[in-house]
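Every number in this text was worked out from the coordinates using simple rules, so none of it is lab data. Everything numeric in this text was worked out from a predicted model, so none of it was measured. Every residue, glycine among them, receives a Cβ derived from its backbone with ideal geometry; neighbour counts consider all protein chains shown.
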Amino acid sequence: MIMLEFQEKRKLRRFMYSKVTLFFLIILIIFLLNSVWKVYQKQAMTRENLAKTASALESLQTREEMLSSEIERLQTKEGTEEEIRAKYGLVKPGEEVIIIVDDNKNKSVTSISTSTSFWQKVKDWLE
């Protein structure tokens, strides 16, 4: 009986260490490693997408805060008036619009452009 157990163990060892069994085990290990690698790649991609989404969320929250403060400003009479004045250039009765022209900028522009046409010189002279 002891000999029978020994022979059975020997057959089992011979089967486990046979080339066919080792070949199937190597194939199984390769298959498992491939699956683990795919899961790792998906996890890395998910981590990257999470970082992008967090960044987008942060920028959207900043924009929301900015828009909320702009809405609050526009809900006041002063804010509405300021926005209308800025967009449409409107003035109240009795107010005047003053446009300041810097002469230094105009002179430097004319001195740079030395090759002006005759009609341009006449136009500048008339202004």
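May I ask you to compute the full-extension gain from residue 101 to residue 121, defined as 0.36 nm times their residue separation minus their alpha-carbon distance, rounded to one decimal in nm?
Numbers: separation 20, 0.36 × 20 = 7.20 nm, distance 1.98 nm.
Extra length available between residue 101 and residue 121 comes to 5.2 nm.
Out of 25, 67, 50, any idea which swings most in a Gaussian network model of the chain, alpha carbons joined below 10 Å?
Between 25, 67, 50, it is 25 that shows the largest mean-square fluctuation.
With no solvent and one point per C-alpha, what does the Debye sum give as log10 I(q)/I(0) for the chain at q = 0.13, 0.18, 0.19, 0.21 Å⁻¹?
Values returned for q = 0.13, 0.18, 0.19, 0.21 Å⁻¹ are -0.93, -1.08, -1.11, -1.19.
State the answer as a single residue: which of 55, 76, 20 lies farthest towards the positive end of the charge dipole of the chain, with beta carbon charges of +1 for Lys and Arg and -1 for Asp and Glu, about the Cα centre.
So the residue furthest toward the plus end is 20.
Given the Cα atoms of segment 26-93, and with Rh set as the inverse mean 1/r over their pairs in the Kirkwood sense, what is Rg to Rh to two decimals? Mind dumping the intermediate values first?
Values: Rg = 26.6 Å, Rh = 16.8 Å.
Rg/Rh for segment 26-93 comes to 1.59.
Membrane-span-like helices in the chain: DSSP H runs reaching 18 Å or more (Cα, own axis), mean Kyte hydropathy at least -0.5?
Values: long enough: 2-16 (21 Å, -0.69); 19-74 (81 Å, 0.28).
Helices meeting the span and hydropathy rule in the chain are 19-74.
At 10 °C and 1.306 mPa s, grab the translational diffusion coefficient of segment 26-65 from Stokes-Einstein with a Kirkwood Rh over Cα pairs, rounded to a whole number in µm² per second. Show your work: numbers first, answer last.
Numbers: Rh = 12.2 Å.
Translational diffusion coefficient: 130 µm²/s.
Report the residue, chosen from 77, 42, 19, that carries the largest GNM mean-square fluctuation when the chain is represented by alpha-carbon nodes joined by springs under 10 Å.
19
Compute, for the chain, the length of the dipole vector about the Cα centre, with Cβ point charges of +1 (Lys, Arg) and -1 (Asp, Glu) only. Units Debye, rounded to 20.
1980
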